[in-house]
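Have a look at the structure below before the remarks.
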Amino acid sequence: MTAYADTGFLCSLYAKDAHSERAAARMARQRLPMPVTWLHQLELRNALRLRVFRKEISGEQRDASMNALLADLASGVLEHAVPSLPDMLIEAERLSALHSETIGTRSLDILHVAGSLVLGLPTFLSFDRRQCDLAKAAGLNVPVL
């Protein structure tokens, strides 16, 4: 594993949206596997359910997206990663103290950047500008997607 993708990137891979083509193009040249943490799983499943609520996708599309995620976990495209929660929280607080007042990052975005740092993954993938700014400020490589 060399890269950490935020949930928005993963959601674009598994449910068609404005970023899906760029996410797929990046995955085609990405060294695998990509890590999936407890935070990804909670956020991604909830994001898909919210898309159903908003009538952006059907229940069948939600199920297909979740099944595709499970298939990629089974095949090794994705891999379960378990960053230390205490280390993530310490790192998240450090990032918040250093950068939230100037970048304006949200708590879950900070947790993802902290997760990348704790897992020792030098590349961070996201379509969220503020989250990318935080990842860069934390010393991570943030490629243009």
Global form of region 65-145, assessed from the alpha-carbon gyration tensor, a/c cut-off 1.5
prolate
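What number results when the radius of gyration of region 1-50, computed over Cα atoms, is divided by 2.2 N^0.38 Å?
On the way: Rg = 10.7 Å, N = 50, 2.2 N^0.38 = 9.7 Å.
Taking the Cα Rg and dividing by 2.2 N^0.38 Å, one obtains 1.10.
Restricting things to alpha carbons, find the Rg to Rh ratio for region 1-87 using the Kirkwood radius for Rh.
0.96
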Trypsin sites (Lys or Arg not before Pro) restricted to DSSP loop in region 28-106 with at most 16 other C-beta within 10 Å
29, 31, 54, 55, 106
What percent of all Cα-Cα pairs in the chain falls in each 10 Å bin, counting up from 0?
12, 43, 35, 11, 0
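Since every read-out is calculated from the coordinates, none of them should be taken as a lab result. Just so it is clear, the structure is predicted and the values come from calculations on it, not from any experiment. Note that we place each Cβ from the backbone using ideal geometry, even for glycine, and neighbour counts take in every protein chain shown.
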